[in-house]
1. Starting from the stretch 317-333, take each residue that is open to solvent by 50 Å² or more (accessible area, probe 1.4 Å) and list its partners that are of a type in the set (Val, Ile, Thr), counting only C-beta distances under 7 angstrom and pairs at least six apart or across chains.
2. Checking Gly188 against (1) at pLDDT 90 or above; (2) farther than 22 Å from Pro85 by Cβ: exactly one of these is not met. Which one?
3. Which one is nearest to the chain's Cα centre (by Cα) among residues in the stretch 107-145 that are in contact (Cβ under 8 Å) with a residue 24 or more places away in the chain and open to solvent by 50 Å² or more (accessible area, probe 1.4 Å)?
4. With respect to Ser266, determine if the residue is open to solvent by 10 Å² or more (accessible area, probe 1.4 Å), assigned by the TED database to the domain that holds Ala408 and of a type in the set (Ser, Thr, Tyr).
5. Just the residues that are in a loop (DSSP other than H, G, I, E, B), free of Cβ contacts under 8 Å to residues at least 40 places away in the same chain and of a type outside the set (D, E, K, R), please, taken from the stretch 355-393.
6. Inspect all residues belonging to the stretch 80-92 and state whether any of them is acidic (Asp, Glu) and touching a Ser or Thr at 6+ places or on another chain (Cβ under 6 Å).
7. Just for the stretch 104-144: of the residues that are among the charged types (D, E, K, R) and outside any strand (DSSP E or B), which one is farthest from Tyr173 (Cα to Cα)?
8. Can Val432 be described as touching a Phe, Trp or Tyr at 6+ places or on another chain (Cβ under 7 Å), outside any loop (DSSP other than H, G, I, E, B) and within 25 Å of Tyr304 (Cβ to Cβ)?
Amino acid sequence: MSAAMWKWTCLISHLLLSTMMSSLARQQPPHPKRPFATFPGEQAEGTFNHLVVDENTGHIYLGAVNRIYKLSNDLKVLVTHQTGPDEDNPKCYPPRIVQTCHEPLTLTNNINKMLLIDYKENRLIACGSLYQGICKLLRLDDLFKLGEPFHKKEHYLSGVNESGSVFGVIVSYSNMDDKLFIATAVDGKPEYFPTISSRKLTKNSEADGMFAYVFHDEFVASMIKIPSDTFTIIPDFDIYYIYGFSSGNFVYFLTLQPEMISPPGSTTKEQVYTSKLVRLCKEDTAFNSYVEVPIGCEKNGVEYRLLQAAYLSKAGAILARSLGASPDDDILFTVFSKGQKRKMKSLDESALCIFILKKINDRIKERLQSCYRGEGTLDLAWLKVKDIPCSSALLTIDDNFCGLDMNAPLGVSEMVRGLPIFTEDGDRMTSVIAYVYKNHSLAFVGTKSGKMKKVILQTLGTDLFLLAA
């Protein structure tokens with residue numbers, strides 16, 4: 001959309017919103033504000049880390065420091081399960097519960113780092129920061145501990161003692177054990193933790209093979225590790241996982257990664273952060289299908305490149321018309337902050353942008369096709385420190401191509417740009433969810449100051465504009 005058209009649509013949306021609000025004010029008497037239900041936690045250290053909602057019962061599961069809570073849909077406590085604190089030291093590998101550790105032990109909080117509902121087996125997967133990231137499998141009904149595997153290296157998922165450092169996606173099957181795709185920051189310990197892997201989710205929560213790699217032999221495994229050579233170029237390199245989901249035949253993760261670039265007109269390199277989407281085939285046990293593509297958006301010459309949050313939804317009929325998409329097409333709602341240079345202290349300027357997932361997949365397919373024609377290099381600097389040329393091969397690459405043991409893993413160099421639909425200059429947006437209601441696409445964004453904004457996307461003809469925020 002051109003700058004002029006954007007100004008006109010913003011003006012139209014302002015007039016529509018003003019008209020709608022004054023009309024409503026005339027027609028309806030004021031309603032008293034309904035109080036929000038709240039749950040402040042029960043412990044002094046009760047920071048909340050993760051939340052999942054059971055889509056069948058409406059019950060809410062909260063992962064907190066040293067606690068897992070089960071709440072009713074009106075936020076009343078139903079069950080509490082204690083997960084910590086306990087004596088530990090992050091340098092103990094394997095953890096002290098497996099063998100004696102000679103490092104000094106201190107009473108350590110257990111920060112919840114991943115919380116997933118395994119609907120097929122009616123259990124909650126709760127992974128914490130204690131003991132190199134072991135997980136508990138808890139019964140959904142009463143949070144009874146069904147299992148807590150800890151005696152193998154596959155049971156240690158992440159040694160990073162930060163909430164949000166781990167993201168998991170369950171791939172479910174009707175006639176076999178499910179898979180769990182795990183993505184995690186490694187905090188400089190790539191020899192212990194793969195940055196991304198696929199694991200077995202056994203039916204028996206106490207089975208020896210729980211969290212084992214889907215495939216593992218002497219040469220190939222269902223994982224990718226960050227090479228030690230990468231740390232000689234970027235000493236603090238890591239991949240920070242912001243969001244993950246599955247769609248069609250693929251699993252996706254949205255990431256933030258440091259990289260070294262040369263600014264225009266400069267001969268020296270500086271470190272920036274790039275947001276990238278990572279895609280893998282669900283059935284690829286060797287991870288030959290690994291592809292990553294940079295994403296971001298731009299409005300009025302301002303680049304928004306630091307991913308803060310994301311959420312997958314459907315287009316809905318009204319939004320689909322303006323995007324030239326189908327109502328059932330997957331739409332990725334994303335929040336970016338301005339620039340590329342501050343990961344930990346992002347600028348307050350932020351943008352809500354949308355991507356049509358099919359268009360990202362089309363760009364990946366084009367890249368795969370060009371590489372298998374022998375054009376360019378693999379272009380994945382952090383994994384392949386040296387430029388490796390693409391190899392030519394005569395084969396058909398369709399929408400569901402899952403890679404070979406050549407030209408893999410693969411990077412896309414050209415950024416896929418999203419469509420900016422709302423910007424905020426003073427109160428940085430930090431979270432987003434979206435859904436379709438009566439053919440309308442709605443998004444809710446949370447901000448740095450704790451406010452929530454409701455965004456309704458409308459159309460005028462085939463043009464998209466913001467109806468309310």
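The values are calculated or read from the model by the stated rules, or taken from the named source; none is laboratory data. Just so you know, these numbers come straight off a predicted model, no measurement behind them. A quick note on method: Cβ atoms are made from the backbone with ideal geometry, for glycine too, and the neighbour counts reach across all protein chains shown. Ligands, DNA and RNA are excluded from the accessible area calculation, which covers all protein heavy atoms including side chains. Shrake-Rupley method; radii C 1.70, N 1.55, O 1.52, S 1.80 Å.
1. Arg321/Thr459; Arg321/Thr462
2. Failed condition: (1).
3. Tyr119
4. Numbers: open to solvent by 10 Å² or more (accessible area, probe 1.4 Å): yes; assigned by the TED database to the domain that holds Ala408: yes; of a type in the set (Ser, Thr, Tyr): yes.
Criteria met by Ser266.
5. Start the filter on the stretch 355-393 by keeping residues that are in a loop (DSSP other than H, G, I, E, B), which leaves 372, 374-376, 378-388, 390-391, 393.
From what's left, free of Cβ contacts under 8 Å to residues at least 40 places away in the same chain: 372, 374-376, 378-379, 384, 386-388, 390-391, 393.
Tyr372, Gly374, Gly376, Leu378, Ile388, Cys390, Ser391, Ala393, listed by residue number.
6. Going through the stretch 80-92, the residues acidic (Asp, Glu) turn out to be 86-88.
With the extra rule that they be touching a Ser or Thr at 6+ places or on another chain (Cβ under 6 Å), the set shrinks to 88.
Yes: one or more hits.
7. Taking the stretch 104-144 first, the residues among the charged types (D, E, K, R) are 113, 118, 120-121, 123, 136, 139, 141-142.
With the extra rule that they be outside any strand (DSSP E or B), the set shrinks to 120-121, 141-142.
Numbers: Lys120: 9, Glu121: 12, Asp141: 23, Asp142: 25 Å.
It comes out as Asp142.
8. Answer is yes for this residue.
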